[in-house]
């Protein structure tokens, strides 16, 4: 069902409110180092990718995304609690928020473990097919007949990455509220999602829009920079270039990531008020 006009006005107000509070130095001091940490992980894996085998290279593509989602989920709980206090006009400090949210951060960290373990299982099964295709004489036959299995394994890996990103939007607001109450947390998230699946997905894509747009523009700028100024002929040289380029990436994406979590709060309120 398409959103009614009155509710769309509420979405606009929620979007503007979340965007207005996204430019905060205190939140940036928390989010920016986290994005730098994720960037270092991605750069490190990309540098290893050059000398890795095809099977190892596959893990270096997906694993950084899953690990970065785990880091951002914990950070998102802190950002959401800051935003909720701002809306209530309650004074707060970064130290006070951090100490008061340790239980919530530790309680939600377990949510990132199952996708990582499931991906490692898919990756190990995928390794069997990498070995099979190297069998002399008959390897190409097995590879042709059973090609649909690696396709499904890789597709499931992509879905796991999407699921990990969705966790940040749908679970982080509830986790910030219910802390380590896992059963209650799951019930709240499922009830809100089932109540209006189309609206939930629409709000999710709205939250992703600033990150997606900025990522596209930054990647375009990075590609043009590499074409005209890159001296990267070796893996370590490219890794150093990506490392230093990662800092402006993280700086520009910081407000967008803050907005993502804050709009997740607004989306939860919109769905709960139906």
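Key figures for this structure:
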| item | result |
| --- | --- |
| Theoretical gain in end-to-end length, residue 46 to residue 149 [0.36 nm per residue, Cα-Cα removed] | 34.5 nm |
| Computed label-point distance, nm, for sites residue 240 and residue 197 using a 7 Å Cα→Cβ extension | 5.2 nm |
| Extended-chain gain in nm, criterion 0.36 nm per residue less alpha-carbon gap, residue 91 and residue 252 | 55.3 nm |
| Folded to 0 to 90 degrees: helix 25-51 orientation relative to the chain principal axis, Cα | 10 degrees |
| In Å, descending, principal axis extents of the Cα set of the stretch 1-83 | 55, 37, 17 |
| FRET efficiency estimate (nearest 0.05) - Cβ-Cβ, residue 205 to residue 134, R0 35 angstrom | 0.25 |
| Burial order of peptide ranges 84-97, 244-257 (average beta-carbon count within 10 Å, highest first) | 244-257, 84-97 |
| Förster radius 35 Å - calculated FRET efficiency between residue 7 and residue 103 (Cβ-Cβ, nearest 0.05) | 0.50 |
| Highest to lowest packing among 132-142, 149-159, 56-66, scored as the average C-beta count within 10 Å | 56-66, 149-159, 132-142 |
| Helix-only mean residue ellipticity at 222 nm for the chain, each DSSP H run of n ≥ 4 adding -39500 (n - 2.57), per residue, nearest 500 | -29500 deg cm²/dmol |
| The stretch 5-272: relative contact order in percent, alpha carbon pairs under 8 Å with at least 6 residues between | 34 percent |
| Acute angle (nearest 10 degrees) that the helix 148-170 long axis makes with the longest principal axis of the chain, alpha-carbon atoms | 20 degrees |
| Folded to 0 to 90 degrees: helix 54-87 orientation relative to the chain principal axis, Cα | 10 degrees |
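Computed from the coordinates by the stated procedures, all read-outs in this text should not be read as laboratory data. The model shown is predicted, which means the values in this text are computed figures rather than measured ones. Cβ atoms come from the backbone with ideal geometry, glycine included; neighbour counts cover every protein chain shown.
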